[in-house]
Amino acid sequence: MRFRQDYLSILSRTAISPYVMALLLAVWLAVFGNIPLWRSLAYVAAPVWKQNLWLGGFALLLVEISSLLLILVAWPRLFKPLATLLLMTAGLASYFMTTYGVVIDPGMATNVFDTDMAESLDLLSWAMIQSVAIVSIPPIWFLWSRSVQWKPFFRQAAYNLLAASITLAIIVLTVLFFYQSLTSVMRSHPDFRYQINPASSVYSAAFVVHQRWFSASREFHQVATDAHLGIDVDGLPSLMVLVVGETARADHFSLAGYSRQTNPVMERWQAEQGLVYFSSVSSCGTSTASSLPCMFSPLGRRSGGDGHAGEYESVLDVLKRAGVSVLWLDNQSGCKGVCDRVQSMKHKDLCDQDECKDEIMLANMKSLYKDASTESEPRKTLVVMHQMGSHGPAYYKRTTPEYKKFLPECTSNVLSECDSQKVINAYDNTIFYTDFFLGQVLEYLKGLADEGRASTAMLYVSDHGESLGENGIYLHGLPYSLAPSSQTHVPMMVWLSKQEVVQSGFDLDCLKRHRDKPLSHDNIFHSLIGFMGVSTSEYQEDMDMFSSCHLGAK
């Protein structure tokens with residue numbers, strides 16, 4: 001025992017070169033921090049000799065890239081804290097890639113920046129702590145148990161520059177030597193580059209930070225400055241409620257043909273009250289951070305709406321400028337900038353619980369919406385309700401006991417620990433609860449219309465879908481080009497009161513005939529402008545999903 005203590009004491013006193021330390025830590029990261037990547041690479045079909053060749057190339061690249069990152073922070077007083085942060089980041093990224101099948105790209109980094117405390121706690125688990133400890137604690141202990149040999153500032157800077165240059169040169173030579181093998185694999189599997197840990201996390205975080213706070217090109221643009229309400233028609237005040245669903249995938253809606261009856265209330269409204277379900281709708285992104293701003297933006301997904309929407313006013317700004325009363329009710333982690341310039345209420349203002357159910361938004365709308373029928377001119381109002389919906393991974397938290405129709409359900413936030421059917425049960429319960437919530441919204445709107453207080457309508461559309469373990473993938477947020485349809489095919493439906501049909505001149509049968517027409521979030525901007533009777537040069541009639549179904553339309 002005494003010998004062991006003396007040995008460890010000598011080790012701790014022996015100074016080590018920062019470049020040797022960087023290399024040792026890089027080897028650890030390459031082996032233990034990139035297990036998700038090694039698992040993915042193992043499934044690539046190739047002859048044994050060829051597979052060994054590009055696996056060797058990948059191994060060298062991983063070591064060299066991590067070494068370069070560590071050399072760049074090789075400065076006294078900075079090296080150990082920043083290297084520790086890098087090791088912890090690698091541990092967390094490895095856990096989420098392994099457990100949920102996600103990749104770390106700028107979109108996922110954006111989600112991390114926008115995640116609130118409640119969402120973070122939903123992801124916390126003993127499995128995460130254990131996984132991060134296994135990957136990160138041993139190298140962190142080694143790092144802090146050894147003293148590092150530093151040189152005077154200018155000599156240190158020169159050595160750092162030399163070491164970084166040599167490492168970069170080795171990276172280039174490795175790529176050139178293994179070029180054919182590496183490019184062949186990367187072209188066939190572009191998602192692999194997002195699994196390189198921790199380089200992908202560092203790049204993605206740096207990209208988001210630059211875009212948000214240091215990009216000189218982020219000029220904010222006004223949109224549709226000529227917007228104004230068209231000629232008013234005598235009648236009731238107009239009220240539309242737009243419910244933005246959360247993480248609802250279309251193929252789990254019985255309205256869309258799902259074998260389970262997850263939408264009994266909406267099916268009744270479809271049969272008896274003219275509700276129209278649109279079967280072929282695509283999201284703008286695969287996460288709330290990308291889809292939500294894009295949904296309300298004049299930019300379509302192909303024009304950069306999923307990445308640059310925050311640089312433009314949203315359709316809510318346009319409607320407000322035209323004279324429409326706009327209210328945003330939030331039971332989520334915020335509106336991602338969409339509602340910054342309109343009246344809004346977030347869930348922390350709505351109740352004093354840790355988490356509110358979506359019904360709280362309806363209760364507050366009832367208290368806020370006032371009868372405008374006595375005003376001299378009809379009033380147009382848009383209320384947006386941003387749901388908690390089916391937000392994962394703790395699906396079981398999104399529903400109350402009376403709406404847990406499908407049992408047993410997964411009650412863990414580590415979905416891979418649950419039987420797949422339990423995960424599906426928990427998720428389907430959230431859809432069943434959303435069906436109930438939408439039914440409550442519709443009952444309220446129909447009541448307003450029947451009482452002659454307002455001409456009402458409801459539009460529901462989800463921001464993105466969700467993976468439930470198919471091919472080992474959970475949750476959402478994959479790059480759009482790699483995402484399965486379960487993350488991009490979303491449900492959408494519309495209901496119009498009889499008063500709205502008559503007052504606005506809608507052909508309801510026409511809407512039903514167009515229910516299978518391909519649509520996307522790109523249609524929302526122009527459809528809301530057209531529905532609210534706003535005139536502007538920015539309006540594109542062919543993008544308005546309602547335009548062809550007005551009586552008298554060509």
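Only one of Leu53, Leu69 is modelled with pLDDT under 80, assigned by TED's automatic domain parsing to the domain that holds Gln195 and surrounded by 16 or more Cβ atoms within 10 Å (Cβ to Cβ); which? Show your work before the answer.
Values: Leu69 fails: modelled with pLDDT under 80.
That would be Leu53, the only listed residue that is modelled with pLDDT under 80, assigned by TED's automatic domain parsing to the domain that holds Gln195 and surrounded by 16 or more Cβ atoms within 10 Å (Cβ to Cβ).
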Per the list (1) within 30 Å of Gly107 (Cα to Cα); (2) small (Gly, Ala, Ser); (3) out of contact with any Leu (no Cβ under 7 Å at 6 or more places or on another chain), residue check on Ala158 breaks on (1)
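Looking at Leu459, Leu475, Leu445, Leu438, can you tell me which residue is under 18 Å from the mean Cα position of the chain (by Cα) and either under 30 Å from Met108 (Cα atoms) or assigned by TED's automatic domain parsing to the domain that holds Trp495 (or both)? Can you show your working first?
Working: Leu459 fails: under 18 Å from the mean Cα position of the chain (by Cα); Leu445 fails: under 18 Å from the mean Cα position of the chain (by Cα); Leu438 fails: under 18 Å from the mean Cα position of the chain (by Cα).
Leu475 is the lone residue from the list that is under 18 Å from the mean Cα position of the chain (by Cα) and either under 30 Å from Met108 (Cα atoms) or assigned by TED's automatic domain parsing to the domain that holds Trp495 (or both).
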Across (1) surrounded by fewer than 17 Cβ atoms within 10 Å (Cβ to Cβ); (2) in a helix (DSSP H, G or I), Arg77 clears everything bar (2)
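When you check Asp116 against the structure, is it closer than 21 Å to Gly392 by Cβ, surrounded by 17 or more Cβ atoms within 10 Å (Cβ to Cβ), under 14 Å from the mean Cα position of the chain (by Cα) and of a type in the set (Asp, Glu), yes or no? If you could, list the steps in order and put the result at the bottom.
Working: closer than 21 Å to Gly392 by Cβ: yes; surrounded by 17 or more Cβ atoms within 10 Å (Cβ to Cβ): no; under 14 Å from the mean Cα position of the chain (by Cα): yes; of a type in the set (Asp, Glu): yes.
No, not satisfied.
Matching residues to (1) of a type in the set (Gly, Ala, Ser); (2) loosely packed, with under 13 Cβ neighbours inside 10 Å:
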| site | (1), (2) |
| --- | --- |
| Tyr179 | no, yes |
| Ser188 | yes, yes |
| Ala199 | yes, no |
| Ala227 | yes, no |
| Leu242 | no, no |
| Thr247 | no, no |
| Val265 | no, no |
| Ser283 | yes, no |
| Thr288 | no, no |
Being touching a residue at least 12 places away in the same chain (Cβ under 8 Å) and more than 25 Å from Pro479 (Cα to Cα): is that true of Ile129 here? no
Does Thr110 satisfy the criteria of being within 30 Å of Leu292 (Cβ to Cβ) and either assigned to a helix (DSSP H, G or I) or hydrophobic (A, V, I, L, M, F, W, C) (or both)? yes
Going through the range 148-189 in order, the residues found to be touching a Phe, Trp or Tyr at 6+ places or on another chain (Cβ under 7 Å) and either part of a helix (DSSP H, G or I) or not aromatic (Phe, Trp, Tyr) (or both) are Val148, Lys151, Gln156, Ala163, Ser181, Leu182, Val185, Met186
Filtering the range 271-304 for residues that are farther than 19 Å from Pro106 by Cβ and free of Cβ contacts under 8 Å to residues at least 60 places away in the same chain leaves a count of 2
With the first residue restricted to the range 453-481 and required to be without any contact (Cβ under 8 Å) to a residue 12 or more places away in the chain and on the phi > 0 side of the Ramachandran plot, and the second required to be of a type in the set (A, V, I, L, M) and crowded, with 24+ Cβ neighbours inside 10 Å, Cβ contacts under 6 Å at 6 or more apart or on different chains are none
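State yes or no: is Gly285 in a loop (DSSP other than H, G, I, E, B), of a type outside the set (S, T, N, Q) and either at pLDDT below 85 or at positive phi (or both)?
no
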Within the range 210-225, residues of a type in the set (D, E, K, R) and outside any loop (DSSP other than H, G, I, E, B) come out as Arg212
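Pick from the range 301-312 the residues that are out of contact with any Gly (no Cβ under 7 Å at 6 or more places or on another chain) and crowded, with 22+ Cβ neighbours inside 10 Å: which of them is modelled with the highest pLDDT? Even if it seems obvious, please write down each step before you answer.
Step one: of the range 301-312, the residues out of contact with any Gly (no Cβ under 7 Å at 6 or more places or on another chain) are 301-305, 307-309, 311-312.
From the residues that got through so far, the ones that are crowded, with 22+ Cβ neighbours inside 10 Å too are 301, 305, 309.
On the way: Arg301: 82, Gly305: 61, Ala309: 63.
Filtering the range 301-312 for residues that are out of contact with any Gly (no Cβ under 7 Å at 6 or more places or on another chain) and crowded, with 22+ Cβ neighbours inside 10 Å, the one modelled with the highest pLDDT comes out as Arg301.
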Matching residues in the range 226-263 (under 30 Å from the mean Cα position of the chain (by Cα) and in a loop (DSSP other than H, G, I, E, B)) number 12
Checking Phe192, Phe207 in turn, the sole residue that is in a helix (DSSP H, G or I), crowded, with 17+ Cβ neighbours inside 10 Å and in contact (Cβ under 8 Å) with a residue 12 or more places away in the chain turns out to be Phe192
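Could we say that Ala93 is in contact (Cβ under 8 Å) with a residue 60 or more places away in the chain, more than 30 Å from Ser420 (Cβ to Cβ) and buried (at least 23 other Cβ atoms within 10 Å of the Cβ) here? Can you show your working first?
Values: in contact (Cβ under 8 Å) with a residue 60 or more places away in the chain: yes; more than 30 Å from Ser420 (Cβ to Cβ): no; buried (at least 23 other Cβ atoms within 10 Å of the Cβ): yes.
No; evaluated as a whole, the condition is false for this residue.
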In the range 481-503, anything buried (at least 19 other Cβ atoms within 10 Å of the Cβ) and either assigned to a loop (DSSP other than H, G, I, E, B) or assigned by TED's automatic domain parsing to the domain that holds Val112 (or both) is listed as Ala483, Ser497
If we keep only residues of the range 340-361 that are farther than 28 Å from Tyr403 by Cβ and not acidic (Asp, Glu), then the residue modelled with the lowest pLDDT is Gln343
Picked from the range 199-224 (must be modelled with pLDDT of 85 or more and among the small types (Gly, Ala, Ser)), the residue nearest to Val112 (Cα to Cα) is Ala205
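The values are calculated or read from the model by the stated rules, or taken from the named source; none is laboratory data. Quick caveat: nothing in here was measured; it's all calculated off a predicted structure. Note that each Cβ is placed from the backbone with ideal geometry, even for glycine, and that neighbours are counted across all protein chains shown.
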